[in-house]
Amino acid sequence: MKHKKHKKTKIAPVSNIITGYTFQGVVWDQSSLEVVKIVAQGLTNLTELFKSQNVNIESLLKIDK
């Protein structure tokens, strides 16, 4: 008994079209922005301290195999 060969059919990719939408991204509240600002200022101060003491940090994160 012979098997019939089936033709392979191409399936069209499914696509969705979104219209009338504006991506806003992440919305931060005021208290979160203040925390980020304080942390950034602290990191800047720490960087200046290291520079003034001639401290050189190769990396804050090092991954070894």
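Before moving on, here are some points about what is shown:
- Helix-derived mean residue ellipticity, 222 nm - over the chain, DSSP H n ≥ 4, -39500 (n - 2.57), to 500: -12500 deg cm²/dmol
- Three principal axis extents describe the C-alpha atoms of the chain; from largest down they are 85, 45, 15 Å.
- A DSSP coil position with no more than 15 other Cβ atoms inside 10 Å describes the following chymotrypsin sites (Phe, Trp or Tyr not before Pro) in the stretch 12-59: TYR21, PHE23, TRP28.
- Relative to the longest principal axis of the Cα atoms of the chain, helix 30-52 runs at roughly 60 degrees.
- Taken along the Cα-to-beta-carbon direction at a fixed 7 Å, the label points for GLU34 and LEU49 span 2.3 nm.
- Cα centre as origin, Lys/Arg/Asp/Glu Cβ charges: the chain dipole, Debye: 1420
- Loop-located GluC sites (Glu not before Pro) in the chain, at most 13 other Cβ atoms within 10 Å (DSSP): GLU58
We did not get these values from a lab; they are worked out from the coordinates using the rules stated. Given the structure is predicted, the values throughout are model-derived calculations rather than measurements. Every residue, glycine as well, gets a Cβ built from its backbone with ideal geometry; the counts of neighbours run over all protein chains shown.
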